[in-house]
Each structure stands twice: as structure tokens, then as C-alpha cells.
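A.B. asks: Shown below is the structure under consideration.
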2 protein chains.
Amino acid sequence: MSAIIPESLSCPCPITQHDTIQMAHGAGGRLSAELTQKLFLPRFANPALSALEDQAMLTVPSGRLAFSTDSFVVDPLFFPGGDIGDLAINGTVNDIAMSGAKPMYLSVGFIIEEGLSMETLHRALLSMERAAKTAEIAIVTGDTKVVEKGQCDKLFINTSGIGIIPDGVEISCRRLKPGDQILLSGTLADHGMAIMTTRKGLSFQSHLKSDTASLGKLVEAMLGITKNIHALRDPTRGGLATTLNEFAKSSNVGIEIFEDALPVRPDVKGACEVLGIDPLYVANEGKCVVVLPKDQCEAVLNEMKSHPVGKDACLIGEVTDKNPGMVIMKTMLGANRIVDMPLGEQLPRIC
Amino acid sequence: MSAIIPESLSCPCPITQHDTIQMAHGAGGRLSAELTQKLFLPRFANPALSALEDQAMLTVPSGRLAFSTDSFVVDPLFFPGGDIGDLAINGTVNDIAMSGAKPMYLSVGFIIEEGLSMETLHRALLSMERAAKTAEIAIVTGDTKVVEKGQCDKLFINTSGIGIIPDGVEISCRRLKPGDQILLSGTLADHGMAIMTTRKGLSFQSHLKSDTASLGKLVEAMLGITKNIHALRDPTRGGLATTLNEFAKSSNVGIEIFEDALPVRPDVKGACEVLGIDPLYVANEGKCVVVLPKDQCEAVLNEMKSHPVGKDACLIGEVTDKNPGMVIMKTMLGANRIVDMPLGEQLPRIC
């Protein structure tokens, strides 16, 4: 017996001609139209999407847009704290927000394995709907392909998105300067460890949960304090270590972080120790790294802490002119440890 | 022994640490960076992409944008007349162009099966590079995911794109009016029949070829004659029959087409007859249907014929106030036949 999912009680899966996905649902004919009318439009309807053209028409002010894309192949589809649906929305919303842009519009492309239950698809759609509402972003255009059973793993989702960059904001991995401070918006490794322990069937006493969340509102609030943020990135695949290495190399500066300042939840830390994994390399899905001048640091940190997704924000390090291109961690024992780029991820299909 | 591919002589696959795709190529670490540096950037480099941020920064004028997305799961990856690479570029370029917009920017999301040869990926990238150059569109942001062997079929590509809609252009499937004329830019069913005969291993004496092509320049030329085009669409999945049915239903008008006016190449017609397939329902990848007032018809048709991808353009029917929501074909024998929406596609994974 499967667990009762509260939202499926209040919003049951619409009755469709078939209760699993058929090849014809991706063929552009009558079954494709049924899928659009019964499953997609009730979740995402807005004027641009409901026009049902092959493209959305959007009106934008002149200026700078941020444009980003991400495909989601996470396994399993549903995991503690989230699922492929909210991950697909939040992932692209965050990539847009990391330029300082206000995320506005998303496209969604589904690749579905023949035979997937309509109920599973509907559950992911409900989750996308909620995440899009929270992030105040509109899904304006989409596409659905179906492949034969065994030719993809259940469901892959691509989202691409557009945001509008406010005037005066210049955020880039090339803008780090010696003396800049490095903030982290919350605890490390929650998403990756939630997936990893779920996939490996490990039952820890505590319940690890993904941190998937939209960072759009947090970034907007931070830019309300100062537009002078130098760099901003969400440390997803490859974790904090990868983001900091990319920053150090792109700006040709050194980065020092303090081991005792890195926030890791005790249950996440325990799971990392059991599995022999360094939380620095584990994916996060609702966190960001902020690099900014020292004189703005305190005000921005206070603003972050007042925000639900930034309440555990803290100072984790600083930019230096020593060891350009490298990330050094000051360990709790007082030693210096080089934090290198990982070769790959410890676990595939984390997002 | 495989055939010699001319472009692989002039542009061999770069030497990489591995000659097949590894899980780590999708993990955001050092192997991901190698893939980006050695395979992607040499093909697509432009300032927005080469900044290697998680999003592209684009400057646009104020006004209307067209935004579209499409995932490509075509099987086989390479087929007579094209491959997944040019299809993925042309497909989204065309969806954007069908709003009257000038296609400007593309995102690309790869989902790659572990073990795919680097050579195969490189061949698809070369094809994407050529198609993007022809369409004068820039690939400005991207994403790569790798899934375990057996969890996807070789290579799936999502492209999403942005175009700028000129002032005064109002193209919509809701704008058809009785008396409007219907033009088709060339022969029907070339793409679908090329895939179908390749997949089924049928060897016809003639060589059927996909019509995959960018329609951006053709649309620009047509709009140079008149901005008063009512509707425009590329009849891909579901073929011409689906596009016309969508037009008739969205505008609540009748559509009449003339069987003897429908252009089908003799070899395509032969293949359709052998396989018992109606070319009206077969996918096209480089054709468009144009609906416009009668007084503009001749000038636009002449302009289309002067263009390489419109040289076989012809008048195929008209919009009426009879039988709203329906498409009727006047057959060569003088009878009226209802052209209905298909339930699905005759062949899956056509694009």
C-alpha cells in the first residue's frame, strides 16, 4: 500500500482515456491534446501558455535578460523534501536568480517513458505548480516527447527560463577581489545526502531532507540592501568545492574558507561520516554562495538571516591575493588543506 | 568499416581523456569542464556562452519576444538528409520563426547515455554548429546530464530559444478568416518518410531525404512583402492534417484543401503507398503553412518561390465559413473527404 499523499486527496489525477502514458501522448495528435488539456493546462494556465501556439509571446522592457537551461534526470523521482517537479522549477529559477535577475518565464520540456502512470506524472505536475507559484514564475511554453519503454528512465524534465536583470547589477564569477567576504546562505549537503541515503536504502534515525527551494526572493532582498554583490552561485552538482574553485580560477584570486564556519546539520554530518563523503563536494539545491565587499557584508548577512531560505546564513571565508586559482581550507586543527575540483560526482543523477 | 564523413576529416574529434562518455562527464567536475572546453566551446563559442556562467546575459530591445522549447529524441540519431543535431537547431528556430520573430538565441540541454562515443557526440555537435550558422542564431547557454547505460537511448537534446517579434506582426492560429488563402512552402512528408524507411530498413531505389531546414530567413523575406500574415506554422508531428485542424478549431472556421494541389515528391509518394501511409499525417521539418488575405497571396508566393527553402511553394487551399472547425479535402475525383486529427503518429520518435 502506498502512503497517502495529502495533495492527491484535494487534487486527484484527472480521468483520462488511459491511466498510463502511451506513445501517442507524444505524437502531437488527439492524445497529446488530451494530456495538454487535462493535465498541463489545469496546473499552469496563463494567457501565454493557454494560447497553445508553438511559442509563447512575451512583452519585456529593454535591457538585459538572463537566460538559462537545465535538464533534470534525478533518481528517484520522489525523495524526502522534494521531487523532480519542484527541483526542475527551483533549479532553473535559481540559475537565473544567480545573475541577480528576477526570474519571470519558464519553458518545460518533458521526456516521458511509455507506461509511466498518469498518477506519477500528475504528482510531479502538482509539485511544479506549487514551486512555480512560490517562485512567482510563469510556465509559458512546453513540449512533450514519449519514448518507448526502456528507452528512458521514467521521466526527464528540461526547464529553460528568462529573467530580467536590474540596472546596476553586475554579478560574475570574474569579479571576485582580494578582501571580499564569502557568505553561504545555509547548511551544506542536504540535497545530495537526502538522495544518496534514499537511493542506497539507508535508514538513519533522523530524516535527511532535500533543501530544494527557490532563491529568487532571497536574491531580490539582498540586492535591496546593496547592488554591489560581486559573485553569486548556487553550489549544486560538485558542491561548494566546485563553485569556489570556479570562482578562484575565473577571477584568478585565492579563496580561504574556515572549516569551523561551515554549517552542516548533525544528521547530514553523521551520514557523510558513515558513507565516507566530504560535504564540500555534495550537491545543494536551495543554497547560494555570495561574494561581496567587506563593508557590505554585515548588512547583507542580517538581511539573509531574516529570510526563511537564508536563516542559517553565515560567513565562511574570504578572497585573498595568495595562491591565485586555489581554494584553501583552514582546518579546525589549524592546518591548511587544498580543496581541489572533484573529478566527478560521488553519486550520479543527483538532479 | 564506416563511411568516411567529409567533415570528420577537416574537423576530427578532439582528443579527450576518455573516448566514450563517462558518468563523471555529467557531474559538474573536471571531466565536465573538459567536455565543455574541448567539445562544446570550439563549436559554439560566443561571448555570452564563453563567460561560462550558469546563465547567459543578453541585451534585448523593449518589445515582444517569442520563447519556445523542444526536446529531440529522434531515432536513429543520423538519417538521410540530417541528424539529431541540425534537427534540434532547426526545430526550435522554426517554432520561433512561426510567430514572425527573428530567432536570436538558443539554449541547449544534452542528456547523454553513458558509453556514447565521443565521436558520435562530436559529429552531432558539428551538425549543430553548421545549422546554427545557417540560421544565424547563437547558442548562449547549455547543460549536460549523463545517465547510466540503458537509462536513455544514446542522446536526447533539448533546445529552447528566444526571438524578437517585429512591430506590426500579429500571427496566430486564432486569426484565420473566411476568404484567406493557404500556402505551403514545399513538398510534404519528406522528413517522416526518410526516418520511416531508414528505421524499417527499407531500401527503395531512390533515396528519401529529410527536409530539415531553418525557415527563419524565408519568414523574414515573406514579412518583407507584407506584415499582414494571419497564421503560420510548421507542420511537424502529426503533419499537415494536424496543423490545419488546429487552425480550423482555434479560429472556428472551415478549411478546404485541394488534393491535386498538394506537392509530394514521387519517391515519397511511392514509399507512402507501399507502407499504406497518408502523407497528410507525416512529419515535415523544413516546411511551413502560411494563411493570408487573398490580395497578398501572389506577391508572397512569388517571394517564397525565389527562396531555396520555398522554391516548391504553392497554393493548397482556402479558409471558408462552411463547416467551422473542420478540414475538408476536395479529392481528385471531385469528392469531399474529412481530414480529421490523427489519434497519434504512425511512427514514434520522428523528432
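A.B. asks: Taking θ as phi - 60°, what are the ³J(HN,Hα) couplings along region A:264-279 by the Karplus curve (6.51, -1.76, 1.60), each to the nearest whole Hz, with x for Gly and Pro?
C.D. replies: These are the phi-based 3J(HN,Hα) values: 9, 5, x, 6, 5, 4, x, 5, 4, 5, 4, 8, x, 10, 8, x Hz.
A.B. asks: At B:Asp167, with labels set 7 Å past Cα in the Cβ direction, how many nm apart are the copies from this one, shortest first?
C.D. replies: Values, ascending and in nm: 2.1.
A.B. asks: Return the sequence-ordered ³J(HN,Hα) values of region A:167-172 in whole Hz as given by the Karplus equation 6.51 cos²θ - 1.76 cosθ + 1.60 applied to θ = phi - 60°, using x for Gly and Pro.
C.D. replies: 4, x, 8, 9, 9, 7
A.B. asks: In addition: In chain B, what percentage of the DSSP-assigned beta bridges are antiparallel, given to the nearest 5?
C.D. replies: Just about 75 percent of them are antiparallel.
A.B. asks: OK, next. How big is the gap, in Å, between the Cα center of region A:94-152 and the Cα center of region A:305-351?
C.D. replies: Spelled out, the Cα-based centre of one part sits 30 Å from the other.
A.B. asks: Something else now. Out of B:Ala45, B:Ala231, B:Ala313, any idea which swings most in a Gaussian network model of chain B, alpha carbons joined below 10 Å?
C.D. replies: Highest fluctuation of the listed residues: B:Ala45.
A.B. asks: Roughly speaking, what % of Cα-Cα pairs in region A:251-351 are separated by over 21 Å, rounded to a whole number?
C.D. replies: Every Cα pair in region A:251-351 considered, those over 21 Å come to 44 percent.
A.B. asks: If each label sits 7 angstrom from Cα along the C-beta direction, how far apart, in nm, is B:Gly224 from its counterparts in the other copies?
C.D. replies: Result, one decimal in nm: 5.1.
A.B. asks: If amide hydrogens are placed 1.01 Å from N in the peptide plane, which non-local residues have theirs closer than 5 Å to the one on B:Gly82?
C.D. replies: For B:Gly82, whose amide H was placed from the backbone, the distant partners under 5 Å are B:Ser210.
A.B. asks: So what's region B:1-156 giving for Cα Rg divided by 2.2 N^0.38 Å, two decimals?
C.D. replies: After normalising by residue count via 2.2 N^0.38 Å, the value is 1.05.
A.B. asks: Karplus couplings for region B:245-253 from phi (6.51 cos²θ - 1.76 cosθ + 1.60, θ = phi - 60°), rounded to Hz, Gly and Pro as x?
C.D. replies: Each residue of region B:245-253 in turn: 5, 5, 4, 4, 6, 5, 9, 6, 10 Hz.
A.B. asks: Sticking with this one: Using Cα pairs under 8 angstrom and six or more residues apart, how large is the relative contact order of chain B, in percent?
C.D. replies: 21 percent
A.B. asks: Here are some pairs, B:Lys133/B:Lys154; A:Lys149/B:Lys209; B:Lys269/B:Lys330; B:Lys269/B:Lys294; which of them have Cα atoms lying more than 23 Å apart in this structure?
C.D. replies: Violating the 23 Å Cα-Cα cut-off are B:Lys133/B:Lys154; A:Lys149/B:Lys209; B:Lys269/B:Lys294.
A.B. asks: Given H placed 1.01 Å from N in the peptide plane, which residues other than close sequence neighbours of A:Leu155 have an amide H under 5 Å from its amide H?
C.D. replies: Counting only residues 5 or more places away or on other chains, the set is A:Glu113.
A.B. asks: May I ask you to report, in nm to one decimal and beginning with the shortest, the distances from A:Lys200 to the same position in the other copies, taking label points 7 Å along Cα-to-Cβ?
C.D. replies: Going from nearest to farthest copy, the values are 5.1 nm.
A.B. asks: Considering chain A, what Rg and Dmax in Å follow from its alpha-carbon atoms?
C.D. replies: Rg and Dmax of chain A, Cα atoms, are 21.0, 67 Å.
A.B. asks: Let me ask something else about it. Restricting to DSSP loop positions (anything but H, G, I, E, B) with no more than 13 other Cβ atoms inside 10 Å of their own Cβ, which chymotrypsin sites (Phe, Trp or Tyr not before Pro) remain in region B:184-262?
C.D. replies: B:Phe204
A.B. asks: Please report the Cα spread of region A:170-235 along all three principal axes, rounded to whole Å, starting with the longest.
C.D. replies: In descending order, the Cα extents are 44, 25, 16 Å.
A.B. asks: Take B:Leu202 and B:Met332, extend 7 Å from each Cα along the Cα→Cβ direction, and tell me the distance between the two endpoints in nm.
C.D. replies: 1.8 nm
A.B. asks: If you don't mind, there's one more thing I want to ask. Average projected area of the Cα convex hull of region B:307-349, in nm²?
C.D. replies: 5.6 nm²
A.B. asks: Looking at region B:181-338 from every direction and averaging, what is the projected area of its Cα convex hull in nm²?
C.D. replies: 9.2 nm²
A.B. asks: For region B:181-338, what does the relative contact order come out to in percent, with C-alpha contacts under 8 Å and a separation of six or more?
C.D. replies: Contact order relative to length: 43 percent.
A.B. asks: Using the Cα centre as the reference, give the magnitude of the dipole from point charges on the C-beta atoms of chain A (Lys, Arg: +1; Asp, Glu: -1; all else neutral), rounded to the nearest 20 debye.
C.D. replies: The dipole magnitude comes to about 200 debye.
A.B. asks: Give the cross-link partners of A:Lys249 among the aspartates and glutamates, using a straight C-alpha distance below 19 Å as the criterion and excluding same-chain residues fewer than 8 apart.
C.D. replies: A:Glu170, A:Asp180, A:Asp234, A:Glu318, A:Asp321, A:Asp340, B:Glu34, B:Glu53, B:Asp54
A.B. asks: Moving on to the next point. Which value, in debye to the nearest 20, gives the size of the charge dipole of region B:181-338 about its Cα centre, when Lys and Arg are +1 and Asp and Glu are -1 at the Cβ?
C.D. replies: 300 debye
A.B. asks: Can you list residues from other chains, or at least 5 along the same chain, whose modelled amide H is less than 5 Å from the amide H of A:Glu170?
C.D. replies: When sequence neighbours closer than 5 places are left aside, the close amide H contacts are A:Ile229.
A.B. asks: Bin by bin, in steps of 20 Å, what percent of the Cα pairs in the protein assembly as shown do you find, going until the bin that has the longest distance?
C.D. replies: In whole percents, the pair-distance histogram is 18, 51, 26, 5, 0.
A.B. asks: Using a Gaussian network model on chain A with a 10 Å cutoff between Cα atoms, which of A:Met222, A:Met196, A:Met329 fluctuates the most?
C.D. replies: A:Met329
A.B. asks: Hey, got the Cα dimensions of region B:114-237 along the principal axes, in Å, largest first?
C.D. replies: Result, largest extent first: 54, 42, 25 Å.
A.B. asks: Given the DSSP H assignment, sum -39500 (n - 2.57) over each helix run of at least 4 residues in chain A and divide by its residue total; what's the result at 222 nm in deg cm²/dmol, nearest 500?
C.D. replies: Calculated mean residue ellipticity at 222 nm is -8500 deg cm²/dmol.
A.B. asks: While we're on this one: Give me the Kirkwood hydrodynamic radius of region A:222-298, using the inverse of the mean 1/r over all pairs of distinct Cα atoms, in Å to one decimal.
C.D. replies: Evaluated over region A:222-298, this radius sits at 14.0 Å.
A.B. asks: Consider a paramagnetic label point 7 Å from the Cα of B:Leu275 along Cα→Cβ; state which residues of region A:139-153 have an amide N under 14 Å from it.
C.D. replies: Counting backbone N atoms under 14 Å from the label point, the list is empty.
A.B. asks: Under a Cβ-only charge scheme (Lys and Arg +1, Asp and Glu -1), can you give me the dipole magnitude of region A:299-351 about the Cα centre, in debye to the nearest 20?
C.D. replies: Charge dipole, region A:299-351, about its Cα centre: 120 debye, nearest 20.
A.B. asks: Let me check against my output: what whole-number percent is the relative contact order of region B:1-126, with C-alpha pairs under 8 Å and at least 6 apart?
C.D. replies: 38 percent
Only the coordinates and a few stated rules stand behind these numbers; no lab work does. Treat the numbers as computed from the prediction; the structure is a model and nothing was measured. All Cβ positions, glycine included, derive from the backbone under ideal geometry; neighbour counts span all protein chains shown.
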